[in-house]
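First the structure, in the form of structure tokens, and then the observations on it.
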Amino acid sequence: MPRALAHLSDEAVVALCARSDEVALAELYDRFGGVAYGLARRILRDDLLAEDAVQEAFLAIWRGAARFVPERGKASTWILTLVHRRAVDLVRREQRRAVEALPESVPDLTTATAEDELWLRLERERVQAALAKLPDQQREAIELAYYGGFTQSELAERLGEPLGTIKSRMFTGLARLRELLEGEAWATTPFTT
Amino acid sequence: MGDDAVHDLTAAYALDALELEEARGYEEHLAGCERCREELVALQGAAGALAYAAPPARPPGELRGRILAAARAERPNDLRSLRTYRRRTAGFAAVAAVAACAVVGLAAWNVSLHNRLDRAQVALRGVPLTGAKGSVVVSGGSGALVVSDLAPAPAGKTYEAWVVEDGRASPAGTFAGGGRTIVIRLRRALPAGAVVAVTLERAGGAPQPTQKPFITSAPL
């Protein structure tokens with residue numbers, strides 16, 4: 001099916017969502033559903049729970065689209081923040097925070113076009129490269145918090161460090177990650193051209 | 001808040017690494033702190049990018065249709081019962097939205113009304129239960145069990161749902177009961193003609209039912 005809204009920016013599609021346009025929600029799913037599912041699966045380590053998290057997140061997008069304020073950040077950040085929050089809520093509720101290996105999955109997105117897929121791959125490599133440049137302790141704190149769903153207090157206990165140390169690793173690491181990511185020229189979205 | 005203690009929480013908040021109470025406190029602080037709002041936009045951007053570094057995975061094909069059907073069920077047909085329903089069921093919000101329609105008595109509810117989205121068409125059916133108030137809501141080959149007024153399972157016990165096909169029962173998830181209406185996502189495919197059943201089992205669940213089911217559905 002051709003994507004009628006493919007030419008619009010993420011922000012414009014969110015604005016259409018706020019007006020109860022289901023095609024807009026479908027478009028957001030086509031853009032972010034794959035990343036959302038990959039993230040939720042990474043955090044929850046369970047396919048069905050990941051589906052629940054993605055489903056709840058997209059319904060939160062549907063309900064909250066009218067409250068999205070473009071001045072407070074990109075639509076993609078808002079969407080992925082909602083997905084992350086749902087996944088972390090679920091992982092804490094289910095107490096599934098294990099650090100075992102993630103089962104292999106087919107790296108393929110049903111709804112993605114070749115162009116989308118290429119962009120996703122480049123984006124993944126770019127973020128992974130930036131993460132790899134962080135000092136080990138900062139990367140560890142960020143990864144355990146973001147992908148592991150651990151709170152800062154749990155991290156302090158787990159790593160045997162004072163809370164202040166954890167806070168500063170997360171802050172310094174995230175600020176540095178931002179510099180690294182912004183340091184390169186990159187398109188904010190593949191859909192605006 | 002005169003000291004830096006709350007400002008310090010920005011990175012942890014951006015990573016969703018605060019306890020619930022800390023997060024609420026930070027959000028209150030945020031309303032009156034321009035510096036934190038700006039910092040949060042920057043750090044949340046970086047945190048959001050981390051999503052792309054997760055191993056890619058293909059979401060199941062039905063997920064898209066389920067989300068769109070649930071969204072459609074919420075708006076514009078905003079059933080009043082849906083709202084109270086949603087508040088009670090923190091998880092499974094979408095299935096709950098769909099299930100609410102079954103609970104209010106729409107046994108067969110076809111969402112192909114708007115067929116602008118041909119890929120999103122999903123037929124949802126409600127199948128009645130005996131032994132408890134509720135139904136099985138079926139969408140394609142998957143579904144959820146919706147039960148009202150089920151007493152919490154006794155200590156050391158759990159309810160277990162089964163999908164029974166040709167006399168063979170496969171475990172489809174355990175749950176605790178309690179609450180007015182609960183929605184249990186069935187972790188097992190639902191073939192046509194199968195029956196969904198519930199037994200009371202020892203905590204942790206059993207690989208096979210150890211007693212006669214006290215809740216059964218009509219054939220799906």
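The values are calculated or read from the model by the stated rules, or taken from the named source; none is laboratory data. Values in this document were obtained by computation on a predicted structure and should not be read as measured data. Glycine gets a Cβ as well: all are built from the backbone with ideal geometry, and neighbour counts include every protein chain shown. Note: accessible area is taken over every heavy atom of the protein model, side chains too, but ligands, DNA and RNA are not part of it. Shrake-Rupley method; radii C 1.70, N 1.55, O 1.52, S 1.80 Å.
Solvent-accessible area lost on pairing B with A (1.4 Å probe, both sides summed) amounts to about 6200 Å². For residue B:157, the amide hydrogen comes within under 5 Å of the amide hydrogens of B:203, counting only partners 5 or more places away or on other chains and with H modelled in the peptide plane. Distant-in-sequence amide contacts of residue B:58, defined by a placed amide H-H separation under 5 Å and a gap of 5 or more residues or a different chain, comprise A:106, A:108. Tally Lys and Arg at +1 and Asp and Glu at -1 over the other residues with C-beta under 14 Å from the C-beta of residue B:199: what net charge comes out? Cβ neighbours under 14 Å give a net charge of +1.
A Förster distance of 51 Å, applied to the separation of the beta-carbon atoms of residue B:38 and residue B:189, puts the FRET efficiency at 0.55. With θ taken as phi - 60° and the Karplus curve 6.51 cos²θ - 1.76 cosθ + 1.60 applied, the whole-hertz 3J(HN,Hα) list for the range A:127-143 is 5, 5, 5, 5, 4, 5, 7, 6, x, 3, 5, 5, 5, 4, 4, 5, 5 Hz, x standing for glycine and proline. What lysines sit close enough to residue B:157 to cross-link, taking a C-alpha to C-alpha distance under 25 Å and skipping anything fewer than 8 places away on the same chain? Within the straight-line cut-off, residue B:157 pairs with B:133, B:212. Couplings for the range B:13-20, taken from phi via the Karplus curve 6.51 cos²θ - 1.76 cosθ + 1.60 with θ = phi - 60°, read 5, 4, 8, 6, 10, 9, 5, 3 Hz in order; Gly and Pro are left as x. Partner shielding of A:129-139 amounts to 1, given as the average count of beta-carbon atoms from other chains within 10 Å of each residue beta-carbon. Over the C-alpha trace of the range B:131-220, radius of gyration and Dmax come out as 11.9, 35 angstrom. Taking each residue as 0.36 nm, the span from residue A:159 to residue A:71 lengthens on full extension beyond its C-alpha to C-alpha distance by 28.0 nm.
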